[in-house]
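The values are calculated or read from the model by the stated rules, or taken from the named source; none is laboratory data. Only a predicted model underlies this, so the values are computations on that prediction, with no experimental measurement involved. Cβ placement follows ideal geometry from the backbone for every residue including glycine, while neighbour counts extend to all protein chains displayed. What goes into the accessible areas is simple: the full protein's heavy atoms, side chains included, and nothing from ligands, DNA or RNA. Shrake-Rupley method; radii C 1.70, N 1.55, O 1.52, S 1.80 Å.
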Amino acid sequence: MDKMPKWADVILTPLISVLLAFAISALVILAIGENPWMALKTMVTGALGSSYGWGFTLYYATNFIFTGLAVMVAYHASLFNIGGEGQAAMGGLGVALVLLYLPLPHWLIALPVAMIGAAAFGAAWAFIPAWLQAKRGSHIVITTIMFNFIAAALLNYVLVNLLRPVGSMDPASARFPDATHLPKITDLAATFGMTWGEHTPVNVTFFIAVLACFLTWLLIWRTRLGYEIRVLGRSEPGALYAGISPVKITVLAMLISGGFAGLMAINNVMGESERLVLNAVEGAGFIGIAVALMGRNHPFGVFLAALLFGFLYQGGGELALWTSIPRELIIVIQALVILFTGALDNMVRMPLERMFLSMRKRGDA
Amino acid sequence: MVDSGRAVQGIDSALRLMTPLLLACLAGLYSERSGVFDIGLEGKMLMAAFSAATVAYLTGSAWIGLLAGIAGSMALSLIHGLASITFRGNQLISGVAINFLASGLTVLLGIKIFQLGGRTPSLEGAARFQPIELPLAETLRGVPVIGDLYSNLLSGHSILVYIALLLVPLTWWVLNRTRFGLRLRAVGENPASVDTAGVSVTRLRHAAIAICGVLCGIAGAYLATSLSAGFVKEMTAGRGFIALAALIFAKWRPWSALFATFLFGLLEAIANQYPNLDLGFITIPSMFMNALPYILTVIILAGFVGRAIPPRAGGEPYVKER
Amino acid sequence: EPALIYDLGGKFDKSFNEAAFGGAQRWVEETGGTYKELEMQSEAQREQALRRLAETGANPIVMTGFAFGDVLNKVAPDYPDVKFAIIDMVVEQPNVQSVVFTEEEGSYLAGIMAAMASESGTVGFIGGMDIPLIHKFECGYAQGFKSVKPDGQVLINYTGTTPAAWNDPVKGGELAKAQISQGADVVYAAAGGTGIGVLQAVADEGKLGIGVDSNQNHLHPGQMLTSMVKRVDNAVFDAFTAGDALEPGVKVMDLAAEGVGVAVDENNQDLITPEMQAAVDEAKAGIADGSIEVHDYMADNTCPVE
Amino acid sequence: MAEPAQHLGGRSATAAPAAIELTGISKAFGPVQANKDIDLRVERGTIHGIIGENGAGKSTLMSILYGFYKPDSGTIEVNGQPLSITDSMTAIRAGIGMVFQHFKLVQNFTVLENIILGAEDGRLLRPALAKARGVLRRLAEEYQLNVDPDERIEELSVGHQQRVEILKALYRQADILILDEPTGVLTPAEADHLFRILEGLKAEGKTIILITHKLREIMEITDNVSVMRRGEMVASVRTAETSPEELAELMVGRKVLLNVEKGPASPGAPVLEVRGLKMVDDEGVERLRGIDFDIRAGEILGIAGVSGNGQTQLLELLGGYPEKGSTVSGTIHMNGEPLDVTGTRSDARTRRKRGIGHVPEDRQTEGLIMDFTAWENIAFGYHDKPEYQRGWLMDNDAIRRDAQKYMEDFDCRPRNCHLAARNFSGGNQQKLVVAREIERNPDLLLIGQPTRGVDIGAIEFIHKRIVELRDAGKAILLVSVELDEILSLSDRIAVMFDGRIMGERLPSETTTGELGLLMAGITDTDRHDPAEGIPPEHQYVETTPEERV
Ligand SMILES: Nc1ncnc2c1ncn2[C@@H]1O[C@H](COP(=O)(O)OP(=O)(O)OP(=O)(O)O)[C@@H](O)[C@H]1O
Ligand SMILES: Nc1ncnc2c1ncn2[C@@H]1O[C@H](COP(=O)(O)OP(=O)(O)OP(=O)(O)O)[C@@H](O)[C@H]1O
Ligand SMILES: [Mg+2]
Ligand SMILES: [Mg+2]
């Protein structure tokens, strides 16, 4: 019954869209007087051309997977969680408190405990907007935006006044104990005698992120809770008819969402900086929105979109570091990719559909 | 503790701070009442701020700058319209993309033009909108109360502030008293009703989005050529999102938008005046005073504002044939 | 070939990154040499940037900002042959020069000038984010002010709690206006791009502003009392000039070393009365001989005059 | 309207030009061919019926005529003149008005605003509003089309909303009026009223095209009738020269039983006992004012009533989801055990566990999740059943197996459980819901408007299954605005008016006239009389509304 084969919709459309985005980006690069081919080469080799580049690409992707999943889960319940930024920041606080104040002898023990801390703090930060939405009808978009600002203020206060070691200029917590440092993938590779991605921040959290994608898929499409979340997202009267409590599901969905956003802290706070710094989230919460929407609210899509953004982030970083192209170019490229694959996708899809339809007609005839 | 002079100054400051919010909020109102969600207000304002400042600097005229600001914002509106109306794409994604685009392009172009790291040089004289004195402001200044209110508070703002304030009744009138307004509201509630009445849904929505572009353009120009004297990267600093919050807060109505944005402006002005609120037993640190407007917004929202029901067709592209 | 790494604020932050850039440019002009420069994009890149520069043979590598401290501690030992210089932070490694500025001293002088220029007895201070470094400025300023006008008042505001706090001239302007409405007639801005808005508003209102980091007196001639210059440019210039002979250890850029100071030029000399100049000179001498002790906020996270 | 030109091309010189002449209209939605090479001729001044199964393409054809969809091919002539209708404005200018199956009204606009939308003539609203008010008054007198011009649409009953749609068309001086399933949402009285209006319009020389699933209406009012099947026009005949049976066969392609075959009931023990049930909604309006009734095993209790008299609230309350913010009191017993009427254990999930199945009145927003696949919808409301769980996960295979089986049993077409619910026709959507609830074998089935908008083939089927369920000894509460349906399915009939049960009748001993009076709130003085005819086992304590207050 479909207008075109599924593979075309899933692969061809986004592919052409990305190509279009890059074509326009090339024009922008030309316009600012730089060489697009050289820029592309720098980006690709910088992000994907070596295990070193991959190490960074995957590190960023890990962040985006978590925030993307966060947005995605809420979106299935028809809740637009713009608060990933604040929730991830609070997740970082959770990680820092756990690692600084609990005696955790080994990373294998520290990891699950820190994960609980991260998820709990992220979820707690999502809880109030969720509860207000469910009980009082306060629009979750506003409250989550507000909670981003409030989280920033809280973190600013805690880091400057409570967690900062005396005499340190840096508004950051002390370093976490050595025992709690997560193994980098470099270290794992080394145990197998391989050299892979020396000095890159990607760490075991990446595997947790991949696992999270799979678990989220199970959650949304294979569990009762996921079913109920999706029902509520499609129709509130339907949920009531089926005996699903909108309050309960709204709160649960946001707790899971906030938990995922919080879990990002495992990667950037515990895995990379190994201490809590101000603005550790660096906008990953907002990129999560783009990742989830572009990933069509499917964990596999989120994974791919996160990789794409990881690539853009690292490739763009390389571009900014080693060429005279300003780092803002990469934001423009990101914007174009989001625009073409996410919002202008019909521009590509419609002619494709027509093409496949006429091909089928000819086949029938 | 709160003397009247300080109160006047607070409200005066609130007026200035609310103006970009109000303009952006009304911009969003037109767009969203027509059924097109717009989280790209921030980006459009930023783009407008940049183009207004750039052109004002190059021409030395704030008015030409304003036009350029409107043009810059309109260009992004056009993209939003193309994506979410013509090609029926996802309006939220398009908005996110526009925010990114503006954030990157402004700095990129700024560097290309001025080599100042994305800043524009400072604007002076006619390149900025200067405060204007309302008639009789000087004469009335001595008169108690009225003088305070009229001469100190109402008078002495840039022309754009008055434009923004006048846009509130104008918007109300357009929405409720004109053919365009009727159709605009209808297309946001049930586009099929407009379509079957023989009116083009697409054209109406494009028109609404264009108005949104104009208003965001004024908002951005106000930021860069009136409130401050030039463009600094990311200078909108989240005001587009606050305007969005105000829009929801105002339940998509113009007079309530005035109230909501004034409230936000006032809260910020108060936080500015009392950076460290000393309650006697405890001093609230600056971080929390800075976050006060946001905290109070949540409290007000939870306590006094009921469910906000968006325009029914909002966020959904109008598709006749699936 | 030396290298310079800017912190996240970027090269043109109207603050110390820009000052660092200025120093490097001066070095280029004077020596005709070339240098590498990098702008950070994310926290995770700090280590990447340091290592890549070190591996490509850059020497010395200068970085601006305390945020590099942690990473440098980790990276420096891996490249014993490379010299590093870090600004605003002490990193104790054999191949690292730590350049610290006594911002409190420079700000102290600015405070004296503000107090003497102020007719109302109330002056203002506007910082970007509420972080320790900015408190150093604030505290020195307040001490200088109180040393002249013990009963006067210093109004203090911080712009915000997100990185936007450094790039919000609109808010800066409003804060300045709020302080002015409370009587402030001299306002000191230590807030990066936000400061531009502060100084603009102060000039618009016909009051006096004090710039920071680089000499900002030219922004509003006649309306800028002075600028508290922090000679990051000198630090960078010196480091570049020293090349791989860069001396490790802590380098204190204080008043005596002309690391900090108040700028007087043709844009503001009309505002500087002889008494003011005398008071500043006296304070300078006092600080130099230890008879005046300017408290460093960082020593105990408190400020004696607040 | 310009007078049509009289040149008639090749047509017989005696015939006046047709109001509408469609030739070779085709329309495809992607791969779906909704209209295939359709010809249709509608004579001026007649009422022309169009019938066909769900999804036959009726609405599509009319939407093309109205300029809502663009045809892929074919030509349109209006009053003998070829016309290229590219948008609705062209159609309106040509004198065509259309009342859509799903109304195209702006819910939070007033009647007046809806009327003038698109016909404001002028940039400002004030003159248009004043003019419309006048025209409305005149139309109201002329056709008894009374509606309060300042009422908001969302406050109006569907019947009144439809009047607004008709007024919209008349306000635009429509000469040719298309009505797509207008009676689907009307009570018999309202439908009669509508037909009187249509007769009046016809008498004035206007042309009317009427789409309906009800053959009775076709026979009653139309002059000609066209039958569509699977996108094609299969027949066009004079109504006087055909019969319902013939039409039904043309439509479905097989013989259809137009009346329910049902043996006598053999009621058992009471399954549901409702006493003093009251409900006040969040605006303080009393929706149920003390309802008492019983339903026994093996009987169908039909509730008749004009919609908006509390039937919806009753069903939703029994189903476990009274309106948000409402307060409920009274008692309900299910198989002798009390059911919570408030609190967390009064929800729909608990009700289902207690053996209550529910086919809601509104299948599209409550009964189905339109974006879900058919198999996901088969588990809807039953997704927490143990047999659908496998450890922590749901056993989707088990659900799909059930779905496949139910769809076989209920002859849902297409027989593809992976298709989204929205891709099924209305009739088949309804079959999905009914299948899901009936196959669960509930002790009590609540069923609201089971056949609204469903074609006669599907109606026959659904009715048969309801009767089968009764014969299996289950209790059924049937709510419908279709008196025919109530009369032919129920074993007992209760009539609701204004939140009360006005009285009870046996179908064999009452008439539509009598029920109609009760539905209008007019009680007979001797209200206990009919009960004498009820066999003793059917009798229950009946109280008057006054006693219950
Ligand atoms: N907007 C649309 N987009 C895609 N397909 C559609 C659309 N509308 C109708 N269809 C398809 O066209 C076919 C004809 O639909 P149509 O609405 O004309 O049927 P109908 O005869 O009016 O049915 P009903 O009796 O249920 O009202 C349907 O089978 C459906 O699949
Ligand atoms: N937008 C659409 N996309 C796909 N199919 C559609 C669409 N709109 C309608 N249809 C299909 O067209 C047919 C008729 O649709 P229509 O809107 O007339 O509803 P219906 O079947 O009459 O239901 P109801 O009786 O509840 O109104 C159905 O098969 C329906 O599924
Ligand atoms: Mg139809
Ligand atoms: Mg139908």
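Comparing Cα centroids, region A:19-94 and region D:463-518 end up 63 angstrom apart.
If you add up the charges near C:P248, with Lys and Arg at +1 and Asp and Glu at -1, over every other residue whose beta carbon is less than 10 angstrom from its beta carbon, what do you get?
Values: positive: C:K83, C:K251; negative: C:E92, C:E247.
After counting each charged neighbour, the total is 0.
Here the simple spin-label model places points 7 Å from the Cα toward Cβ, and for B:R203 and A:M38 these points are separated by 5.0 nm.
Rounded to the nearest 10 degrees, the angle from helix D:188-203 to the longest Cα principal axis of chain D is 10 degrees. Between helix B:62-81 and chain B there is an angle of about 40 degrees, using the helix long axis and the longest principal axis of the Cα atoms. Compared with its chain on its own, region D:114-145 contains the following residues whose accessible area drops by 30 Å² or more in the full protein assembly (probe 1.4 Å; ligands, DNA and RNA excluded): D:L117, D:G118, D:E120, D:R123, D:L124, D:L125, D:R126. Placing a label point 7 Å from the Cα of D:S26 along the Cα-to-Cβ line, the residues of region D:32-69 whose backbone N sits under 13 Å from it are D:32-39. A cut-off under 11 angstrom between Cβ atoms defines the neighbours of C:G160, and their net charge, with Lys, Arg +1 and Asp, Glu -1, is -2.
I'd like to check one number: the per residue accessible area of region D:296-347, probe 1.4 Å, reported in Å² as a whole number. Kindly include the intermediate steps, with their values, before the conclusion.
Details: 1940 Å² over 52 residues.
Using a 1.4 Å probe on heavy atoms only, each residue of region D:296-347 averages 37 Å².
Give the cross-link partners of B:K44 among the aspartates and glutamates, using a straight C-alpha distance below 16 Å as the criterion and excluding same-chain residues fewer than 8 apart. Cα-Cα hits under 16 Å: B:E32, B:E234.
Grab the Cα-Cα distance for D:L258 and D:E141, subtract it from 0.36 nm times how many residues apart they are, and report the gain in nm with one decimal. Show your work: numbers first, answer last.
Details: separation 117, 0.36 × 117 = 42.12 nm, distance 3.82 nm.
Net length gain for the segment: 38.3 nm.
With each label modelled as a point 7 angstrom along the Cα→C-beta vector, the C:S291-C:D265 pair spans 3.2 nm. Among the trypsin sites (Lys or Arg not before Pro) in region B:199-300, those placed in a DSSP loop whose Cβ has at most 16 other Cβ atoms within 10 Å are B:K251. Please give every one of the lysines within straight-line cross-link reach of D:K255, meaning a C-alpha to C-alpha distance under 28 Å, and leave out same-chain neighbours fewer than 8 residues apart. Candidates past the 8-residue exclusion: D:K36, D:K58, D:K214, D:K405, D:K431, D:K464. In chain C, helices alone account for a calculated mean residue ellipticity at 222 nm of -12500 deg cm²/dmol, with every DSSP H run of four or more residues adding -39,500 (n - 2.57). Association of chains C and B removes close to 2400 square angstrom of accessible area from solvent, both sides included, for a probe radius of 1.4 Å.
What is region A:257-344's relative contact order, in percent, from Cα pairs under 8 angstrom and six or more apart in sequence? If you can, show how the numbers build up before the last one.
Numbers: 46 pairs, mean separation 15.1, N = 88.
For region A:257-344, the relative contact order is 17 percent.
Which entries in the list B:K112/B:K233; A:K135/A:K248; D:K278/D:K474; C:K11/C:K207; B:K251/D:K104 go over 22 Å, if you measure between the two C-alpha atoms of each?
Values: B:K112/B:K233 14 Å; A:K135/A:K248 10 Å; D:K278/D:K474 26 Å; C:K11/C:K207 30 Å; B:K251/D:K104 24 Å.
With Cα atoms farther than 22 Å apart: D:K278/D:K474; C:K11/C:K207; B:K251/D:K104.
The calculated FRET efficiency for the pair A:M350 and D:S508, based on their C-beta separation and a Förster distance of 56 Å, comes to about 0.40. Interface of A with C. Using a 1.4 Å probe and counting protein heavy atoms only, the two chains hide about 3200 Å² of accessible surface, both sides summed. Only helices enter the 222 nm calculation for chain A: every DSSP H run of n ≥ 4 contributes -39,500 (n - 2.57), and dividing by all residues gives -22500 deg cm²/dmol, rounded to 500. Each helix, a run of at least 4 DSSP H residues, gives -39500 (n - 2.57); summed and divided by the residues of chain D, these come to -9000 deg cm²/dmol at 222 nm.
Among the trypsin sites (Lys or Arg not before Pro) in region D:273-353, those placed in a DSSP loop whose Cβ has at most 16 other Cβ atoms within 10 Å are D:K324. Here C:K136 is the anchor, and the lysines within straight C-alpha reach of less than 21 Å, apart from those fewer than 8 places off in the same chain, are C:K14, C:K146, C:K149, C:K230, C:K251, C:K284. Largest accessible area first, the listed residues B:E42, D:E509 line up as D:E509, B:E42 when surface is computed with a 1.4 Å probe on the assembled protein chains.
Per-residue SASA remark: D:V252, around 20 Å² accessible (1.4 Å probe; ligands, DNA and RNA not included). May I ask for the angle, rounded to the nearest 10°, between helix D:426-439 and the longest principal axis of chain D, with both axes built from Cα atoms and the value confined to 0 to 90°? Taking the Cα atoms of chain D, the angle to D:426-439 is about 10 degrees.
Once you keep just the Cα pairs under 8 angstrom separated by 6 or more residues, what percentage relative contact order results for chain A? Walk me through the intermediate numbers first.
Working: 623 pairs, mean separation 126.5, N = 365.
Once divided by the residue count of chain A, the mean separation gives 35 percent.
When the trypsin sites (Lys or Arg not before Pro) in region D:62-157 are filtered for DSSP coil states and for at most 13 other beta-carbon atoms within 10 Å of their beta-carbon, the remaining sites are D:R123.
Based on the Cβ-Cβ distance of D:A398 and D:E232, what FRET efficiency does E = 1/(1 + (r/R0)^6) give at R0 = 35 Å, to the nearest 0.05?
On the way: r = 40 Å, r/R0 = 1.14.
So, using R0 = 35 Å, E works out to roughly 0.30.
When the solvent-accessible area of region C:150-306 is split by element, carbon and sulfur atoms take up 48 percent of it, the probe being 1.4 Å.
Only protein heavy atoms count here; under a 1.4 Å probe, D:T86 has an accessible surface of about 70 Å². Once A binds B, the 1.4 Å probe can no longer reach about 4100 Å² of accessible area, counting both sides.
Whenever you get a sec, compute what percent of the accessible area on region B:17-240 sits on carbon and sulfur atoms (1.4 Å probe).
On the way: 4620 of 6640 Å².
So the carbon and sulfur contribution to the accessible surface is 70 percent.
For B:V107, what is the net charge nearby, where nearby means another residue's Cβ is under 12 Å from its Cβ and Lys, Arg count +1, Asp, Glu -1? My count for the surroundings of B:V107 gives +2. Residues of region C:261-275 falling in the label zone of C:D281, defined by backbone nitrogen less than 13 Å from a point 7 Å along Cα to beta-carbon, are C:273-275.
Normalising by the residue count of chain D, find the relative contact order in percent from Cα pairs under 8 Å and 6+ residues apart.
Dividing the mean separation by the residue count of chain D yields 14 percent.
Estimated at the nearest 10 Å², the accessible area of A:V158 is 20 Å² with a 1.4 Å probe.
Under 16 Å from the 7 Å Cα→Cβ point of B:K112, by amide nitrogen: which residues of region A:301-339? Answer for this model: A:324-336. Legend: calculated FRET efficiency, A:V210 to B:L279, from the Cβ-Cβ distance at R0 = 56 Å, rounded to 0.05, equals 0.70.
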